[in-house]
Amino acid sequence: MQERRFIKGVTAWLPGLVFALLAIVVFLAVRTGFPGGGPPPPPGNPPVPPGSHGRVKTAAGVVLGFKYNPHLDVNAIQVMVAQAGLLTIDFRPHTAQTVMGLAAVNDSVEVAYMSHPNDEVVGYVLVRIKNARTGKESELNELPPPPDVPQNHSAEHFTIHDPSLILDQYGGIVAIRSQHLLFHFKPGLVDDILALIKNAHEIGLSAVWRDDQAGFVNVDHDKVYVVLSVTIDNKTFLVR
C-alpha cells in the first residue's frame, strides 16, 4: 500500500520536474549561445567571405580606377572617399565584369567591404557595390565561382617559340604571352618544371579558351587560355 502511494506521488510531481529541467536548459542556451555559433543571421545581412574577419563597413565615393593581379586579370577597385581618402578594395577576378559593368571611372558608388587582416596582400574584400546614379547594385558573394577548367570549349594545341614569360612577385611563372594570346598557369602547378620553362626556346601547350562568360576582365584585352599541359623536349607535363 505504501509502495503504491509512493509511485502515485512520484507520478504527480514528475511533470513539474521535467518542466523545470527544460526551463534550465533553455536558460543556459540563451546565456551561453546556441550550438554551432548561434541562430542564423537575420535576412538581408551579406554573407561573410571565407577567411574574412570583422564587420561589414560601408563607404560612398567616386571610382578612380581599377587594379589587376599578376595574371593581368582586373581584381580591385579604387574609390576616393571623403573621410578615408583612397580605398583600394579587392574582389574575386571572376566578378570583374559585374563590378565594372556597375561602376565606371568617375561614377559615384556605395561600397560594402570587409577587412582581411590575416592576408598580407589583400587588405579589403568587396562584398557589395551600388551605383549611386542608376541605383543598380550587386551582392558579389551571390555570383558562383567559375569551373577550374572552362567547360564549353575543347582543348587546342599551340607551339610557342621563345616564349614571353609573365612572373609573379616571387619569381614564379603565372602565364606565357604570345602576341595577343595569354596562357594562364594555376599558381604553384608549374613549380617543378620552372627551370625547364625558363630555359626552353620552344614550348607546346594544350589549353582551353576562357571566354567572356567566365566573368573575368583581362587588362590588356588579350585572348586568355587555361593551360592543361606543357610539352618541352618531347616530354609532356600535366599542369591541371
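So, Thr159, is that one assigned to a strand (DSSP E or B) and polar (S, T, N, Q) or not?
So Thr159 fits the description; yes.
For the stretch 66-97, enumerate the residues that are among the hydroxyl-bearing types (Ser, Thr, Tyr) and crowded, with 16+ Cβ neighbours inside 10 Å.
Selection gives Tyr68, Thr95.
Go over the candidates Leu126, Leu228, Leu194 one by one and state the one that is in a helix (DSSP H, G or I), at pLDDT 90 or above, in contact with a strand residue (DSSP E or B) (Cβ under 8 Å, 6 or more places away or on another chain) and aliphatic (A, V, I, L, M).
Values: Leu126 fails: in a helix (DSSP H, G or I); Leu228 fails: in a helix (DSSP H, G or I).
Within the list Leu126, Leu228, Leu194, the selection yields Leu194.
Within the stretch 182-213, count every residue that is surrounded by fewer than 18 Cβ atoms within 10 Å (Cβ to Cβ), among the aliphatic types (A, V, I, L, M) and under 30 Å from Leu140 (Cβ atoms).
Total meeting the criteria: 1.
Output the number of the condition that Ala155 fails; it satisfies all remaining conditions of (1) without any contact (Cβ under 8 Å) to a residue 60 or more places away in the chain; (2) more than 22 Å from the chain's Cα centre (by Cα).
Every listed condition holds for Ala155 apart from (1).
The values are calculated or read from the model by the stated rules, or taken from the named source; none is laboratory data. Nothing here was measured: the structure is a model prediction, and the numbers come from that model. When we count neighbours, we look across all protein chains shown, and the Cβ atoms used for this are built from the backbone with ideal geometry, even at glycine.
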